[in-house]
Amino acid sequence: MTRFRVAVEIVPRRGLLDPQGKAVSDALHTLGFSTVSDVRVGRHLVLDTDAADADAARAEVQRMCEQLLANPVTEDFHIGSAERA
Amino acid sequence: MKVGIIRFPGSNCDEDAYHAVVDHLGAEAVFCWHKDHDLQGADLVILPGGFSYGDYLRPGAIARFSPIMQEVVAHAKRGAPVLAICNGFQIACEAGLLPGALLRNDHLKFVCDQVHLRVESIGTRFTSRYHVDQVITIPVAHGDGRYTADGDVLERLEGDGHVVFRYVDAAGHVTDAANPNGSLRNIAGICNSAGNVLGMMPHPERAVDTQLGSADGLPLLHSIADSLMSEALV
Amino acid sequence: MSDTQTSSAVQPRPGDPEITPALIKEHGITPAEYERVVEMLGRAPTFTEVGIVSALWSEHCSYKHSRPLLRTLPTEAPWVLQGPGENAGVIAVKDGIAVAFKVESHNHPSAVEPYQGAATGVGGILRDVFTMGARPIALLNSLRFGPLTSPRVRYLFSGVVKGIGDYGNCVGVPTVGGEVVFDPSYEGNPLVNAMCVGVLREEELMLAVAQGVGNPIIAVGARTGRDGIHGASFASEDLSAESESKRPRVQVGDPFTEKLLLEASLELIRSGHIVAIQDMGAAGLTSSSAEMAARGDVGVTIDTLKVPVREEGMTPYEILLSESQERMLVVAHRGREREVEAILARWDLEAVVIGEVIAEPVYRVTEGDRVVAEFPGTRLVTDCPTYVIDSVESPVLAAARARNPHDVPPLPEEINPMWTLERLLASPTIASKAWVWRQYDSMVRTSTLVGPGSDAAVMRLRGTDAGIALSIDGNGRYVALDPLVGGRIAVCEAARNVACAGARPRAITNNLNFGNPTRPEVYFQLKNAVAGMGDACRVMETPVTGGNVSLYNENPQGAIHPTPTVGMVGVLDTLEHVTPSAFQRAGDTIVLLGDNTDELGASEYLLHLHGLAIGAPPACDPVKERALVDALLHAISHGHVRSAHDCSDGGLAVALTECAMMRRDAQFGFEVDLTAWADLPLRALLFGEAQARVVVSTDQPDAVLASAAQFGVPAHIIGRVTAADAGVEFLVGDVSARLALTSLAHAFHNTIPDIMNAGAAHGDTASSSSIS
């Protein structure tokens, strides 16, 4: 077993209203950042986990996302690459 | 005394502050709109509680950029009093008027309750009507009230007598059980080094009438009025 | 808009699905209803029209299975300013001050996504109240879940509570009361009923009636996305594994925008620039526009291309049926569009003219120049069929009612009634809900005189010395076992609760949570429960001013207990005698108003200790209940009552113990002598749930007895309040039982926190287990 560091990004599902993203986008416009067209605010998780290889680590994190880390009703998740920790 | 109550989008304790000042303190109060640059000649500025900009991103993070905040910062720099309550405290920290920050409560839940506070310092212009170590009852209602600051900031606050209120039990003891949010050193309220900006998570404006459970917040408002009156006499 | 042709032909939209029997069925429209639509239109409907009909003729919008029953309820009294049919009911209080109030359910959305489901439920009921011109001052909620032993139930429970809290807290409306019940019947179908109360001056009352040809129709607030499309018809279906996959329908709430919309709407209403305003709630733009037009008996036309959208490529069908939150539909006076826009802009909100009130009697939707839907007159609203179903009582429930509770052998430990009492106090339904209400801001607006945890919340009203008391109650188990009696009890218990606080019960809003009404057993429950509520409302003089119907609360395992919840508003003419539930002073005399009986059926005792929902629920005579309320209010208004608490779940022993230790910071003991009822079975006396009983503490017992006598209410001195360290003591003939308060208080206060903390440690999540 090797220890891998896996990053997970969790963001509100496409098509669902993201009130936080909208408020941040409006505030950026107010401050003059007029180039911003859309903001979605999510969470970034970094997990250290032991696995046989990088694929197994990512597969395990996938299950974690489905069961706990992301709310399947309201959130999408993206699992980054698994690096040796 | 004229009190300017700042109204941000999402402020929701602005009217409570107004009624506390007008109905119970008997002073004049005006609302100051966040998009304006006009404090309307207020002697005391109140940054009220609520959820300015929905607390999105971080509580207070967006409100600090409201136009009116430039005037509030200038008002504070002149040494004039600012009372920052709950979300106002969060905004004041984000705006750099007060040191430290307010994080998500340690138990991760919103908490609404009557709590006991010990008055740690009566040398401030906000607390002269209390007596040393007085235990008062004031409500809290917040999700992000865990006060935190670097170790040297905490030492300086303590050393200068700028920790104004601490969460305690009914007997006045600092205990973990009496701490509603996990604040470092049970800190409930602090003031800045010049002593004219007070930030506190509990709501003194909700404690101005025994019908509501406590009038222990009223001496705080009277203390500020006293300090303004004595300034006027100098 | 005024150049819209009057002889426009409705055209199917390129790309729309073909109208097939399967599509009609998928939209929940029966073949007979479809025939009715074809007859009304004189042609086949377009896809857009099918969507509109499906939404407006859903149970949620049309009340098609409940309307004939609801018509039997009393709706009038001199103090009723607005009865059913509007966004909320309104009653006069005093000095020109009135309150608007309503309850609404968000059961189905909360089952799928508890946090957003509950949050958007709160948002919707707030909008219903502030569109009447009333400023919301209080929220309450009535919640039902399965047993907390299930990780999925703990996930739903904590998500719903957080959703309610986060929304109300952010908007700045205090959540001041409510109830939470745990029962296996709600395992697959939790109930989330939210009630809102707002205050207004009588002359500020605003109605949602479209008027004035040429007046612009304006969309206000958040943009329209694909959220919750078909939420209204979703709420009119049984929950199944299939509906789990319909999850994208769930809407997301934005309490920050709601707060802005609240302030902007009240400013708009006071400005005089607008004629009518309505929430785009269930079935969104479609129902709000059609209902406002029908109330005003006017024609309207709406152009979906003008509706501000959040996503690209939305079809008229989607725009009309979207349930995106925090949106309002406004009819303004012609020529005031700029003023309306300016008010909204001040609050950083959009206001866009999307249509117009027209002389031609039609409900028309266009997509630019293309007419995509058109219904004659207001028939879209008025032609919806209503159904009366043959009703038959479920033989299973009739048999359960017939069972004699005394045939249930007591557990060996029950030899000590204090053991039983402690167990009951640890029933999550009875135990303290402080874990819940500490997450709600109950104090913002500084008007909450009595907050959560008492029989009723009490609010002061600025501008008058009067106050209001609020309560929401229901007992589904009673209704399941006897719908008529259960319906009466729901009203009478709510009345008792506000009377205990010192308020005269004045009016109710009700939420009828039932199973699938097309099943005769369910229709039987609905019919009889409504009849029972009507009986009680007439006697109590508390008309029904509005409410909500939530049917199809069932899943493959079966239906929920039929659960009408009653939101009661009571009025205190002065705030001199606001009465708490808890004991106040050691040495006070305890008086029982009402009488003890041998009625153990349908009790929490049988459910919690024996796992049984059997026996007849306690009898309920509204005339006796009215006398009890009158006697209690007489004693309270003369200053003779220190505390008053009604006997409900868990019976007399639980009610007394609650009075002693419901407040953690001010606890008492008590000693009572119930020897006068020594001939009753002990467990019926202590834990039976006989109705029309209130525990009063007083230092003037003779005066309280006199008040009772004046109204013909039985009353007995049963004991006295003692210091907390004396514990609790019951004497019944030669049986004596006593216990220290600490273990009882521990059971009452720690049960729910202990369960939830242990659950959190196990990571209760959405996927803990699936529905059904």
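Out of everything in segment B:53-98 that is within 13 Å of chain C (Cβ to nearest Cβ), more than 15 Å from the chain's Cα centre (by Cα) and closer than 22 Å to B:V140 by Cβ, what residue ends up being surrounded by the fewest Cβ atoms within 10 Å (Cβ to Cβ)? Break it down into steps so the answer makes sense when it comes.
First, the residues of segment B:53-98 that are within 13 Å of chain C (Cβ to nearest Cβ): B:53-57, B:59, B:62-63, B:66, B:85-87.
Narrowing the set further to residues that are more than 15 Å from the chain's Cα centre (by Cα) leaves B:53-57, B:62-63, B:66.
Remaining after also requiring closer than 22 Å to B:V140 by Cβ: B:53-56, B:63.
Numbers: B:Y53: 29, B:G54: 25, B:D55: 26, B:Y56: 23, B:A63: 28.
So the residue we want is B:Y56.
Residues that are within 30 Å of C:A737 (Cβ to Cβ) and charged (D, E, K, R): does segment C:484-494 have at least one? Yes, because at least one residue in segment C:484-494 is within 30 Å of C:A737 (Cβ to Cβ) and charged (D, E, K, R). Selection of segment A:2-20 for residues being modelled with pLDDT under 90 and either in contact with an Asp or Glu (Cβ under 8 Å, 6 or more places away or on another chain) or away from chain C (no Cβ under 13 Å) (or both) yields A:P12, A:R13, A:R14, A:G15, A:L16, A:L17, A:P19. Of all residues in segment B:116-148, count the ones that are assigned to a loop (DSSP other than H, G, I, E, B) and out of contact with any helix residue (DSSP H, G or I) (no Cβ under 6 Å at 6 or more places or on another chain). So the answer is 12. Against the list (1) assigned to a strand (DSSP E or B); (2) within 14 Å of chain B (Cβ to nearest Cβ), the condition A:F77 fails is (2). Within segment A:26-44, the set of residues being assigned to a helix (DSSP H, G or I) and within 12 Å of chain C (Cβ to nearest Cβ) comprises A:D26, A:A27, A:H29, A:T30.
Quick one: is C:A715 under 22 Å from C:C620 (Cβ atoms) and among the small types (G, A, S)? So C:A715 passes the test. Considering segment C:634-652, the residues that are of a type in the set (A, V, I, L, M, F, W, C) and in a loop (DSSP other than H, G, I, E, B) include one that is surrounded by the fewest Cβ atoms within 10 Å (Cβ to Cβ), namely C:C647. All conditions but one from (1) assigned to a loop (DSSP other than H, G, I, E, B); (2) surrounded by fewer than 20 Cβ atoms within 10 Å (Cβ to Cβ); (3) over 16 Å from the mean Cα position of the chain (by Cα); (4) away from chain C (no Cβ under 14 Å) apply to B:S193; the one that does not is (3).
Looking at C:V436, C:V444, C:V392, C:V485, which one is touching a Phe, Trp or Tyr at 6+ places or on another chain (Cβ under 9 Å), of a type in the set (A, V, I, L, M) and within 14 Å of chain B (Cβ to nearest Cβ)?
Numbers: C:V444 fails: touching a Phe, Trp or Tyr at 6+ places or on another chain (Cβ under 9 Å); C:V392 fails: within 14 Å of chain B (Cβ to nearest Cβ); C:V485 fails: within 14 Å of chain B (Cβ to nearest Cβ).
From the options C:V436, C:V444, C:V392, C:V485, the qualifying one is C:V436.
Listed here are the residues, each with its yes/no results for (1) closer than 20 Å to C:A499 by Cβ; (2) among the charged types (D, E, K, R); (3) in contact (Cβ under 8 Å) with a residue 60 or more places away in the chain.
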| position | (1), (2), (3) |
| --- | --- |
| C:E604 | no, yes, yes |
| C:L609 | no, no, yes |
| C:A613 | no, no, yes |
| C:P617 | no, no, yes |
| C:P622 | yes, no, yes |
| C:S637 | yes, no, yes |
| C:V641 | yes, no, yes |
| C:A644 | yes, no, yes |
| C:C659 | yes, no, yes |
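Considered as a group, the residues in segment C:286-313 that are assigned to a strand (DSSP E or B) and away from chain A (no Cβ under 14 Å) include one that is farthest from C:R370 (Cα to Cα), and that residue is C:G299. Do the conditions hold for C:M132, that is, is it of a type in the set (A, V, I, L, M, F, W, C) and under 30 Å from C:I358 (Cβ atoms)? So C:M132 passes the test. Going through segment A:32-48 one residue at a time, which ones are of a type in the set (V, I, T) and loosely packed, with under 14 Cβ neighbours inside 10 Å? Result: A:T35, A:V36, A:V46. Applying the criterion of at least 3 residues that are under 24 Å from C:G253 (Cβ atoms) and more than 14 Å from every other protein chain (Cβ to nearest Cβ) to the strands (runs of 3 or more DSSP E) found wholly in segment C:42-136 leaves C:97-105. Here is a list: C:V180, C:V199, C:V192, C:V176. Which entry is in contact with a strand residue (DSSP E or B) (Cβ under 8 Å, 6 or more places away or on another chain) and surrounded by fewer than 23 Cβ atoms within 10 Å (Cβ to Cβ)? The match here is C:V180.
Somewhere in segment C:142-152, is a residue assigned to a strand (DSSP E or B), more than 14 Å from chain B (Cβ to nearest Cβ) and within 25 Å of C:T446 (Cα to Cα)?
Keep residues of segment C:142-152 that are assigned to a strand (DSSP E or B), which gives C:142-145.
When the remaining residues are screened for being more than 14 Å from chain B (Cβ to nearest Cβ), the result is C:142-145.
If we keep only those that are within 25 Å of C:T446 (Cα to Cα) as well, we get C:142.
Yes, segment C:142-152 contains a residue that is assigned to a strand (DSSP E or B), more than 14 Å from chain B (Cβ to nearest Cβ) and within 25 Å of C:T446 (Cα to Cα).
Taking C:T464, is it touching a helix residue (DSSP H, G or I) at 6+ places or on another chain (Cβ under 8 Å), more than 14 Å from chain B (Cβ to nearest Cβ), surrounded by fewer than 22 Cβ atoms within 10 Å (Cβ to Cβ) and modelled with pLDDT under 95? It is false that C:T464 is touching a helix residue (DSSP H, G or I) at 6+ places or on another chain (Cβ under 8 Å), more than 14 Å from chain B (Cβ to nearest Cβ), surrounded by fewer than 22 Cβ atoms within 10 Å (Cβ to Cβ) and modelled with pLDDT under 95.
Residue pairs whose Cβ atoms lie under 8 Å apart, separated by 6 or more positions or on different chains, with the first residue in segment C:503-514 and under 17 Å from C:L551 (Cβ atoms) and the second of a type in the set (K, R), are C:N513/C:R144. If the condition is being of a type in the set (A, V, I, L, M, F, W, C), within 19 Å of C:F157 (Cα to Cα) and more than 17 Å from the chain's Cα centre (by Cα), then segment C:70-119 contributes only C:V112. Only one of the numbered conditions (1) within 30 Å of C:T742 (Cα to Cα); (2) surrounded by 24 or more Cβ atoms within 10 Å (Cβ to Cβ) is not met by C:G615, and that is (1).
Just so you know, in segment C:314-339 the residues that are away from chain A (no Cβ under 14 Å) and in a loop (DSSP other than H, G, I, E, B) include one that is nearest to C:V10 (Cα to Cα), and it is C:T315.
Scanning segment C:537-564 for residues that are among the polar types (S, T, N, Q) and closer than 17 Å to C:C620 by Cβ, we see that the one that is farthest from the chain's Cα centre (by Cα) is C:T542. Here are some residues: C:V696, C:V629, C:V641. Which one is closer than 23 Å to C:R738 by Cα and touching a helix residue (DSSP H, G or I) at 6+ places or on another chain (Cβ under 8 Å)? Only one candidate qualifies: C:V696.
Quick one: would you say B:D16 is modelled with pLDDT of 95 or more, in a helix (DSSP H, G or I) and within 14 Å of chain C (Cβ to nearest Cβ)? Quick ask: steps written out before the conclusion?
Values: modelled with pLDDT of 95 or more: yes; in a helix (DSSP H, G or I): yes; within 14 Å of chain C (Cβ to nearest Cβ): yes.
Here the answer is yes, as B:D16 does meet what is asked.
The residue list C:Q710, C:Q691, C:Q667 contains one member that is more than 17 Å from C:L628 (Cβ to Cβ) and of a type outside the set (G, A, S), which is C:Q667.
The C-beta contact set for segment B:155-182 (first residue loosely packed, with under 14 Cβ neighbours inside 10 Å, second residue part of a loop (DSSP other than H, G, I, E, B), distance under 6 angstrom, 6+ apart or interchain) comprises B:T175/B:D169. From the list A:A51, A:A23, A:A57, the one residue that fits, being more than 10 Å from every other protein chain (Cβ to nearest Cβ), touching a helix residue (DSSP H, G or I) at 6+ places or on another chain (Cβ under 7 Å) and either among the polar types (S, T, N, Q) or buried (at least 18 other Cβ atoms within 10 Å of the Cβ) (or both), is A:A51. Would it be correct to say that C:A655 is closer than 23 Å to C:P505 by Cβ, without any contact (Cβ under 8 Å) to a residue 60 or more places away in the chain and surrounded by fewer than 24 Cβ atoms within 10 Å (Cβ to Cβ)? So C:A655 fits the description; yes.
The values are calculated or read from the model by the stated rules, or taken from the named source; none is laboratory data. Model, not experiment: these values are computed from the prediction. So basically every Cβ, Gly included, is an ideal-geometry build from the backbone, and we count neighbours across all protein chains shown.
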